[in-house]
Each structure stands twice: as structure tokens, then as C-alpha cells.
Amino acid sequence: MSTLLHVIEVIGVFVFASSGLVEARRKKMDLVGVFTVAFITAFGGGTVRDILLDRRPLFWIENYEYPTLIFIFCILVSPFFRQLRQVVTERVILYADALGLGLFSVGGASLAYAMKMPLFICVMMGVITGIFGGVLRDMICNEIPMVFRRGQLYATCAFLGCWTYLGLTLLGTTELFSVISGIAVTVFLRLMAVRHDWKLPG
Amino acid sequence: MSTLLHVIEVIGVFVFASSGLVEARRKKMDLVGVFTVAFITAFGGGTVRDILLDRRPLFWIENYEYPTLIFIFCILVSPFFRQLRQVVTERVILYADALGLGLFSVGGASLAYAMKMPLFICVMMGVITGIFGGVLRDMICNEIPMVFRRGQLYATCAFLGCWTYLGLTLLGTTELFSVISGIAVTVFLRLMAVRHDWKLPG
Amino acid sequence: MSTLLHVIEVIGVFVFASSGLVEARRKKMDLVGVFTVAFITAFGGGTVRDILLDRRPLFWIENYEYPTLIFIFCILVSPFFRQLRQVVTERVILYADALGLGLFSVGGASLAYAMKMPLFICVMMGVITGIFGGVLRDMICNEIPMVFRRGQLYATCAFLGCWTYLGLTLLGTTELFSVISGIAVTVFLRLMAVRHDWKLPG
């Protein structure tokens, strides 16, 4: 089961990195920009969380094969960018991104909870882990962060997913069950929000 | 007297949060964006200072009722945004913001001084605490930070207020007296700068 | 020899600070903005590196004469900005900036290597130290960071210079030799890239 979570995590990292790669290419950045933006999108959220909580070494320094892989990934993928965009459709990105959001958010909340942070802080750390990669990506690309603009629910799904995780944990369920439930709620809400165009009041 | 300072601090946090809320609404952000920008405006300066000085837990993690209150505040206030703008006039915001600037700046300088930082670093930490919430707010809202543009003196007031605090402390006055003097100088200079349109050379 | 490196370092700090000063003036910022942007350009890269690696006190807090000097420098230089631009031509800035890039990058990599970081992380820390001052400068000035846009090789020169340093160190040469070789490679590649208009694929 831990292996499954690890596999999902790797998927999450590459999904987030790809979304950074796409955005960097849209802004006509060169390979250095593409790698940096891909990297920051994938690891920005976890890095901000770890700095706020003073956890070291950082996730991507401890697992330094991740940045190396993303570096190779960017070099290999760049020449085939046009073809890639046909295989990796908007639909695929949507599903993968929802999964990444769920995993990163609940993972971040679970980590803060293990450090005995107050509940509201745990949820904030979860949401920060899930969304801040994209926030930093948009700040570097000189845009108002997508998650703050009025669009279909995104951070709110992570928020509710983290509370689901915490609620179940406080009720005494196993860590594995509450983690998977939190992720499932996040992903489900996100997909529903896109399908039914759910938005927060402006 | 410590209670008085605490009350002023809470006022400062809510004033800064409100200025973030107003800016986020102007940019047509949704509730998530409004809360995030309000939060970062209120706690961004202190967070940057604490990260630079390696102080943990962060102020708002230790006093986690603050982010919770700001969260509730944003939810309650959002529907009444138009009415709120009539009660909380530009004039009220100006006074409150000047008070917040003074309190945050001198508080930051005092904190760095207690950590035995060199004097110039103490002043820098004070100014960072006072202005960086607004700087991060403007960066997220995709604007050149207001305090760096040529306007009526703002950071300069905090700069002089922090030196006032440090000078008095070095002369051996009580902490309370030098803190209040520093705050008073900052607030007075800021209000004078607005009234007489004082600007720095471009 | 250590004195030579120290002199080069001071030159690097002032070169980077000057490039921030020029950019801030172009954006019509006032003295506070000019100092802040100059400061962040000079120390931003090293500060991000130190925060990621959890090194304290920060370089510019330990050597607090640097920020003080930059502050005085900004005040003295501001009135003579037009004349300064005639003496400090684009050509001078190009050479000085290439030197600063080489020194900061290889210095950052060397520092991470001394902390026994994995090789790829050492190179990343080197590149971050070299380029992130400029990245933060451009983010504050509300631009897409220059180094990520398609231009003549910049970060790539630092990347290859850091690998040169690491390769030589692993081969067992003295620290001094590998540091100077890394800097020389970075500077040489950067100057060649500008002269022959070398660019990365888009």
C-alpha cells in the first residue's frame, strides 16, 4: 500500500511538472525557464510548507532523483512538445491534476498533523502544499495566480478534503483510511466542480 | 500596558488583512483568493522576518487563532463588501494603516534587537516587518509594489521610527517608552507625509 | 588568494546591486524601491540558497557592512544617475555581470558541496545563487524573469561552470584550482554566448 502511495506521488510530481512545462512553453521560455518553472510547480508547494514548518532536508533534496528526473524529462520532452500536446489532452491533464491536488494536499495536512500542529494550521499547510506550486508558477509567469481568480472550485476542494482527512483521523480511523478518504473527497469535488461549473461567490 | 499593546496588535492584523481583502476584491478574486491575500498582507511581513532570522514557530502558527479569525472575517464580510466600503472610508484606512505600520515596524526592530542583531539589520527587519505584507500582496496581485513606487513617504517613516526606537533604547530609556516613541514617530511622519504630500526624490 | 576572492566577491555584490538600481530607476521607483531592489538583486540568490539549505546567520546578516554599504551607495549614486549611465556602459556591465555570475554560482556550488549535498543539488544551488537575485528583481519589477526568456545563454553558463568545478574537485584537484576553473568557464561561456548570440532551443 505504501508502494501504491509512492507511485501516486511520483505521478503527482510529474503531472505538476508537466503543467509548469506547458505554461513555460506558452510564455516562450527557453529550456532553463522550462525546467525552472516545471520544478517550481512540482516542488514549490512542499517547499513553502517545509520552510514555514522548518523541516529539513527539503523533500526534493532528500529525494534528489526527482529534480534530476524532471531535468531529464524536460530535455527529452521539449523537442516533441507539439506531439505531446496531442497525446496529453486537456482531459488527461484535468484528471491527473485533480489527483495531484488531492495527494499533495492531504499529504501536507497529514505531515503537519504528525508535527502536532493546530487543526486549522494543518488544513492551511495541506492547501498550501496542494496549490502553492501553481501560485509560484503563475507569479513567475507574471500572471495573477489562477487559483485566486474566480474559476471552478480548486483550493476549496483541497480545503474540504483536508478536513475530511482530519475529521476521520480524530474519529480514530486508521491513517491509511483517512488519507485515502481525504484524497478521494478532494478529487471527487474537483471533478464535480469542473463538470457542473461550481464557483465560489465573487 | 502589555494588554494595550496586544489590542493594538490585533487591530494592526485586521487593518492589514482588510487592505488585502479590498485589493483582492478589486482584482475580482474569489473567496479563496480574498482569504489568501488578506492573510499574506497581515502576516507576510512577520513571516519573511521570521524566516530570515530563523525564528520558529511562526507568529501565526503559535497564535493560530489569528488566521482562523481572519478566515471567519473574510467569510462574514464578503457579502457586505459594498456597505463595508462606506463605513470604512479612505480616511479610516489611512489612520489604521499608519498605526499598523508603526506597530509592526517597531515590533520587528525590537524583536531583532532582542536577538542581538547589528543595528542596521534591526532597522531592516523592522521595515521588512512593516512593509513586506503589502509587497507580497502587490506581487500576487500582479502589480509593482506600491511602497516602491514614487508616492508619499511610507517605508521611510518606518525606517525613521525604527531608528528612533533604537536610539532611545541605546540611550537607556525603558523598552516601553522607546517602543511607544518609535511607533509615534512612524505614525506622525506617515500622516504628515500624506497631508503635505512629502515624497522621496525619484 | 583568499583576499583576491574576497575582493571579487565585493565587486560581484556591487555589480549585481547596480543592475538592480538601474532596473528600479527604469521603473521610476523612489529611493526606498531603489535600495530594496538593489539589495534583493545582490543578496536574493544567496538568501534563497541559505533558506533552502537552512544555513544561518544569512550571509548579509553576518557581514552586515554589505547592506549598509549598498544603502549608502544608493543614496550617493541616485543624484548622479544620468552621469553614471555614461561611465558604466553596457559593455562594462556585461563583463562585470558575467564575473558576478561566475563567482556567485561556483561559490554557491562549493558551499553546497562542503555540506555534502548530492551533486545535482550542488549544481542547482550554484545556479540558484547565481541567477535568483535577478529573478526576484524581475518579479518585483513585474516582468517575466529575464533569464527564463529566450535570450543568450545565461543560466546554462553557470550550470556548466558548476559542473566544471565539481568535476575537477572529484578528480582531486585543489579547491582553489577547481573554483577558479569553474568561474573561468562560466565567464568565458557567457561572453562567448553574447558575442556569438548563442541561444537555447525554445
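Looking at C:161, C:182, C:151, C:167, just one residue is under 24 Å from residue A:74 (Cα atoms) and either surrounded by 24 or more Cβ atoms within 10 Å (Cβ to Cβ) or among the aromatic types (Phe, Trp, Tyr) (or both), and that residue is C:161. Across region A:175-202, the qualifying residues are those that are of a type in the set (A, V, I, L, M) and within 14 Å of chain B (Cβ to nearest Cβ), and the one among them that is nearest to residue B:21 (Cα to Cα) is A:200. When residue A:78 is tested against (1) closer than 15 Å to residue A:136 by Cβ; (2) small (Gly, Ala, Ser); (3) within 14 Å of chain C (Cβ to nearest Cβ), only condition (1) is not met. Considering (1) under 21 Å from residue C:95 (Cβ atoms); (2) free of Cβ contacts under 8 Å to residues at least 40 places away in the same chain, the lone condition that residue C:134 does not fulfil carries the number (2). Scanning region C:113-155 for residues that are facing chain A (nearest Cβ under 8 Å) and either within 16 Å of residue C:183 (Cβ to Cβ) or in a helix (DSSP H, G or I) (or both) yields C:120, C:121, C:124, C:135, C:139, C:147, C:148, C:154, C:155. Of C:104, C:59, C:43, C:39, all but one fail to be more than 14 Å from every other protein chain (Cβ to nearest Cβ), aromatic (Phe, Trp, Tyr) and touching a residue at least 12 places away in the same chain (Cβ under 8 Å); the exception is C:104.
Of all the listed residues (C:195, C:91), the sole one being within 27 Å of residue C:39 (Cβ to Cβ) and among the basic types (Lys, Arg) is C:91. Among the residues of region B:71-111, those that are open to solvent by less than 30 Å² (accessible area, probe 1.4 Å) and more than 15 Å from the chain's Cα centre (by Cα) comprise B:74, B:77, B:78.
Working only within region B:21-50, note down all residues that are surrounded by fewer than 24 Cβ atoms within 10 Å (Cβ to Cβ) and of a type in the set (A, V, I, L, M). B:22, B:31, B:40, B:48, listed by residue number. Of the residues in region C:153-172, how many are touching a residue at least 24 places away in the same chain (Cβ under 8 Å) and either among the hydroxyl-bearing types (Ser, Thr, Tyr) or under 30 Å from residue B:133 (Cβ atoms) (or both)? The total comes to 4. Would it be correct to say that residue B:96 is within 12 Å of chain C (Cβ to nearest Cβ), in contact (Cβ under 8 Å) with a residue 24 or more places away in the chain and part of a helix (DSSP H, G or I)? Spelling it out, it is not the case that residue B:96 is within 12 Å of chain C (Cβ to nearest Cβ), in contact (Cβ under 8 Å) with a residue 24 or more places away in the chain and part of a helix (DSSP H, G or I). Taking region B:1-20 as the range and being farther than 22 Å from residue B:147 by Cβ and either assigned to a helix (DSSP H, G or I) or open to solvent by less than 30 Å² (accessible area, probe 1.4 Å) (or both) as the test, the residues that pass are B:2, B:3, B:4, B:5, B:6, B:7, B:10. Please work out if residue A:68 is under 20 Å from residue A:128 (Cβ atoms) and among the hydroxyl-bearing types (Ser, Thr, Tyr). Judged against the criteria, residue A:68 is not a match. Quick check on this structure: which one of B:150, B:190 is in contact with an Asp or Glu (Cβ under 6 Å, 6 or more places away or on another chain) and touching a residue at least 24 places away in the same chain (Cβ under 8 Å)? Just a single option satisfies the conditions, and that option is B:150. Looking at (1) open to solvent by 10 Å² or more (accessible area, probe 1.4 Å); (2) farther than 18 Å from residue B:60 by Cα; (3) in contact with a Cys (Cβ under 9 Å, 6 or more places away or on another chain), find the lone condition where residue B:120 falls short. Among (1) open to solvent by 10 Å² or more (accessible area, probe 1.4 Å); (2) farther than 18 Å from residue B:60 by Cα; (3) in contact with a Cys (Cβ under 9 Å, 6 or more places away or on another chain), residue B:120 violates only (3).
The values are calculated or read from the model by the stated rules, or taken from the named source; none is laboratory data. Because the structure is predicted, anything quoted here is derived from the model rather than measured. We place every Cβ from the backbone using ideal geometry, glycine too, and count neighbours over all the protein chains shown. Calculation scope for accessible area: heavy atoms of the full protein, side chains included, ligands and nucleic acids excluded. Shrake-Rupley method; radii C 1.70, N 1.55, O 1.52, S 1.80 Å.
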